[in-house]
Amino acid sequence: MESKREVHEFKTEVQQLLNLIIHSLYSHKEIFLRELVSNASDAIDKLRFKSQLEPGLLEGDPEFKIEIALDKQARTISISDNGIGMSHDEVIENIGTIAKSGTSAFLQAMEQNKGLVRPELIGQFGVGFYSAFMVASKVTLITRAAGSTLATKWESSGDGAYSVEETEKPSRGTVVTLELKEAEEGGQDFCDAGVIKGIVKRHSDFVSYPIILDGETLNSMKAIWTKNKDEVTDDEYNEFYKHISHDWNPPLTRLHMHFEGTTEYDALLFIPAHTPFDYFRPGRKHGVHLYCKRVFIMDDCQDLLPEYLGFIQGVVDAPDLNLNVSREILQHDPLVRNIRKNLVKRVIELLSGMDKDKYDAFFKEFGQMLKVGIQHDYENREKLSKLLRYRTSKSGDALIPLDEYVSRMHSDQDSIYYISGEDTATLINSPHLERLKEKDIEVLLMTEPVDEWVAQTLGTYEGKAFKSAEKGDLNLVDIDEKTKDSFAPLFALIKEELKDSIREVRASTHLTDSVACLSGDTYQLSGYLEKMLKSFGQKVPEIKRDLELNTGHPVLVKMRTLYTKDKEDPVLKDYSLLLYDMAVIAAGGKVENPARFSKAVGELMSNALDVETLMTDAITV
Ligand code: ADP
């Protein structure tokens with residue numbers, strides 16, 4: 001068969017990323033080896049898993065290993081594995097593009113942050129392979145997928161293009177060969193066996209397959225999760241975390257436990273310090289690695305933790321597991337369910353026991369996920385609600401737990417008040433809070449769309465009902481019937497004028513200073529949620545809210561007088577529109593007709609100034 005050599009351009013974002021990696025990670029050069037060894041180890045994991053059902057894939061060679069070869073003369077290093085390998089198309093798919101959707105967001109963030117590239121960010125994208133170009137002027141990858149006869153050679157100098165051609169390879173798996181750049185003055189020489197041994201020890205010691213150099217196995221392959229806590233150092237834990245998570249940052253915290261009971265197992269779980277960039281990418285791997293007696297069974301075992309704890313990385317080693325179960329059956333395995341239940345419990349305990357600063361850092365990154373948990377994990381809902389934190393109208397910048405809110409409630413206060421919107425600055429100045437502030441009542445400021453669902457899902461906390469400060473009546477003051485009656489005709493006129501935009505006009509129990517605000521029914525979507533849903537492209541039925549007016553405000557009192565004098569006065573209509581626009585603006589919304597609004601305000605100002613000029617003139621005369 002004649003072999004064809006194709007030349008491809010890298011996808012633009014790959015080239016951008018390559019440039020970034022080459023120019024920004026120069027002080028972390030040695031990690032290229034960790035990345036390539038990790039890929040080799042992953043490839044063997046994959047083959048091991050697949051060969052359980054298709055033993056033929058092993059081609060009679062069941063001894064998994066990763067080999068490193070150095071050639072000082074030619075200045076090359078090669079890393080080979082007898083893992084699953086890749087087909088021609090997989091090479092192009094995996095090595096020529098970045099299939100992960102978070103990448104462009106990542107690159108944008110980098111653009112805005114010129115010169116300040118944090119290496120840990122790059123690792124989160126699994127661009128590990130490209131790190132080879134930090135040390136190599138040319139990279140050649142030769143691979144043959146297990147069970148196939150065709151091998152593929154990929155080659156690039158990292159300068160925009162790569163070539164792919166058919167080749168031959170007797171053994172399955174992948175060899176990556178790097179033509180090394182000259183070692184820098186005082187820098188490490190990656191052709192040197194001593195240097196390589198040190199790097200493997202530092203970064204890849206626990207890789208579970210032998211990493212061999214000149215016949216010597218460099219790594220101890222110790223399964224640190226089966227050891228006692230006091231036998232493992234922080235560095236070892238952190239390196240292990242980096243290995244399984246592809247995150248370059250140390251984790252925020254870890255949970256290492258040996259469980260003995262009806263069943264026995266080891267678990268080593270990590271909470272990352274940051275939300276991975278691609279966290280919300282559909283199909284992202286989010287699960288712990290499952291082992292059985294130190295033998296890798298599968299990564300991304302989603303049945304061991306609920307989805308909302310999908311940010312947790314780690315390993316579970318369950319010796320009693322029935323190895324013949326498929327992924328589908330695993331879910332219903334009572335042992336797996338038992339482990340899952342216990343892991344969730346322990347994770348919640350870990351979070352509850354964290355010191356404040358650490359927990360705040362956690363909550364900033366993953367609080368949203370706990371809120372999702374509240375909605376889905378009925379069994380742990382109450383415990384999760386104790387982990388919630390909110391800013392309030394009294395907390396300043398601090399996030400406080402609901403217990404603290406409850407402890408500060410007035411003795412006659414029966415509700416936990418909250419208000420939701422885009423940002424705390426708008427919320428804290430919302431007219432809806434005026435009455436509550438007057439009564440010195442604290443209000444939770446909710447700024448995530450999921451918050452309102454949380455409040456509704458929980459319904460109550462410690463027996464106190466959640467109550468929206470912007471919906472329904474606050475029942476804090478009564479407006480007497482006489483006042484209501486005296487405003488009724490004016491309100492009817494206003495309602496008639498605004499009937500396309502609002503449902504009702506009523507005397508407000510919320511307002512003390514402002515003239516107007518909009519409010520909904522207890523069960524209506526809040527304005528914020530409505531806006532969010534629309535921005536997600538969801539169809540939301542048109543919701544008409546009530547216009548609440550402050551009957552104690554001079555404007556309303558004067559309008560009432562005007563109405564009594566001449567209910568046909570056109571000013572009343574103009575002012576009705578203006579009141580509505582003001583309420584919309586106070587809620588952080590956009591007025592429907594800015595030109596009309598601006599004109600009306602202009603006229604008002606000019607009238608006000610006229611009065612003043614007249615008065616001044618009168619004084620000077
Ligand atoms: P990541 O390993 O984080 O996915 P990489 O850029 O290092 O990112 O690798 C991209 C993909 O290329 C891998 O997901 C894998 O599918 C494939 N790959 C890389 N190295 C190997 C290897 N040695 N054997 C088989 N496949 C590999």
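The values are calculated or read from the model by the stated rules, or taken from the named source; none is laboratory data. This is a predicted model, so every value here is computed, not measured. Please note: Cβ atoms are built from the backbone with ideal geometry, for glycine as well, and neighbour counts cover all protein chains shown.
Would you call residue 71 assigned by TED's automatic domain parsing to the domain that holds residue 143, surrounded by fewer than 21 Cβ atoms within 10 Å (Cβ to Cβ), within 11 Å of the ligand (Cβ to nearest atom) and not polar (S, T, N, Q)? Please lay out each step first, then the result.
Details: assigned by TED's automatic domain parsing to the domain that holds residue 143: yes; surrounded by fewer than 21 Cβ atoms within 10 Å (Cβ to Cβ): yes; within 11 Å of the ligand (Cβ to nearest atom): no; not polar (S, T, N, Q): yes.
So residue 71 fails the test.
Within region 174-196, which residues are within 16 Å of the ligand (Cβ to nearest atom) and in contact with a helix residue (DSSP H, G or I) (Cβ under 7 Å, 6 or more places away or on another chain)?
Pass one, region 174-196, residues within 16 Å of the ligand (Cβ to nearest atom): 174-178.
The answer is 174, 176, 178.
Would you mind stating whether residue 350 is of a type in the set (A, V, I, L, M) and either within 30 Å of residue 291 (Cβ to Cβ) or exposed (fewer than 15 other Cβ atoms within 10 Å of the Cβ) (or both)? Give the steps one after another, and end with the answer.
Working: of a type in the set (A, V, I, L, M): yes; either within 30 Å of residue 291 (Cβ to Cβ) or exposed (fewer than 15 other Cβ atoms within 10 Å of the Cβ) (or both): yes.
Considered against the rule, which asks whether it is of a type in the set (A, V, I, L, M) and either within 30 Å of residue 291 (Cβ to Cβ) or exposed (fewer than 15 other Cβ atoms within 10 Å of the Cβ) (or both), residue 350 comes out as yes.
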Point to revise | Test for residue 170: is it in contact with a Ser or Thr (Cβ under 7 Å, 6 or more places away or on another chain) and at pLDDT 90 or above | key: no
Exercise for review: Please find, within region 408-459, the residue that is modelled with the lowest pLDDT out of those that are among the acidic types (Asp, Glu) and part of a helix (DSSP H, G or I).
Suggested key: 452
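Please enumerate the residues belonging to region 73-105 that are assigned to a helix (DSSP H, G or I) and at pLDDT below 65. Step through it out loud before you land on a result.
We begin by selecting, within region 73-105, every residue assigned to a helix (DSSP H, G or I); these are 88-95, 102-105.
102, 103, 104, 105, listed by residue number.
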Study note, to complete from the structure: residue 274 fails exactly one of (1) out of contact with any Cys (no Cβ under 9 Å at 6 or more places or on another chain); (2) assigned to a loop (DSSP other than H, G, I, E, B); (3) modelled with pLDDT under 75, namely (3)
Review point. Does region 147-157 contain at least one residue that is closer than 27 Å to residue 20 by Cα, in a loop (DSSP other than H, G, I, E, B) and either in contact with a Ser or Thr (Cβ under 7 Å, 6 or more places away or on another chain) or within 16 Å of the ligand (Cβ to nearest atom) (or both)?
Key: yes
Study note, to complete from the structure: When every residue in region 197-219 that is of a type in the set (A, V, I, L, M) and over 38 Å from the mean Cα position of the chain (by Cα) is compared, the one farthest from the ligand (Cβ to nearest atom) is 213
Exercise for review: Evaluate region 233-244: report whether one residue or more is touching a residue at least 24 places away in the same chain (Cβ under 8 Å), among the charged types (D, E, K, R) and surrounded by fewer than 19 Cβ atoms within 10 Å (Cβ to Cβ).
Suggested key: yes
Practice item. Give the residue that is nearest to residue 176 (Cα to Cα), with candidates limited to residues of region 11-50 that are over 27 Å from the mean Cα position of the chain (by Cα) and modelled with pLDDT under 80. Key: 22
Revision key, fill the gap. Screening 176, 164, 207, 127 for residues that are modelled with pLDDT under 90 and touching a Ser or Thr at 6+ places or on another chain (Cβ under 7 Å) leaves only 207
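Could you say which residue among 90, 59, 63 is more than 13 Å from the ligand (Cβ to nearest atom), in the same structural domain as residue 134 (by TED's automatic domain parsing), surrounded by fewer than 18 Cβ atoms within 10 Å (Cβ to Cβ) and more than 19 Å from residue 212 (Cα to Cα)?
Going through 90, 59, 63 in turn, just one is more than 13 Å from the ligand (Cβ to nearest atom), in the same structural domain as residue 134 (by TED's automatic domain parsing), surrounded by fewer than 18 Cβ atoms within 10 Å (Cβ to Cβ) and more than 19 Å from residue 212 (Cα to Cα): 59.
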Exercise for review: Select, from 308, 279, the only residue that is in contact with a helix residue (DSSP H, G or I) (Cβ under 6 Å, 6 or more places away or on another chain), more than 21 Å from residue 39 (Cβ to Cβ) and either free of Cβ contacts under 8 Å to residues at least 60 places away in the same chain or crowded, with 17+ Cβ neighbours inside 10 Å (or both).
Suggested key: 308
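Tally the residues that are acidic (Asp, Glu) and farther than 25 Å from residue 489 by Cβ, restricting the search to region 554-602.
Start the filter on region 554-602 by keeping residues that are acidic (Asp, Glu), which leaves 566, 568-569, 574, 581, 592.
Keeping just the survivors that are farther than 25 Å from residue 489 by Cβ gives 592.
Total meeting the criteria: 1.
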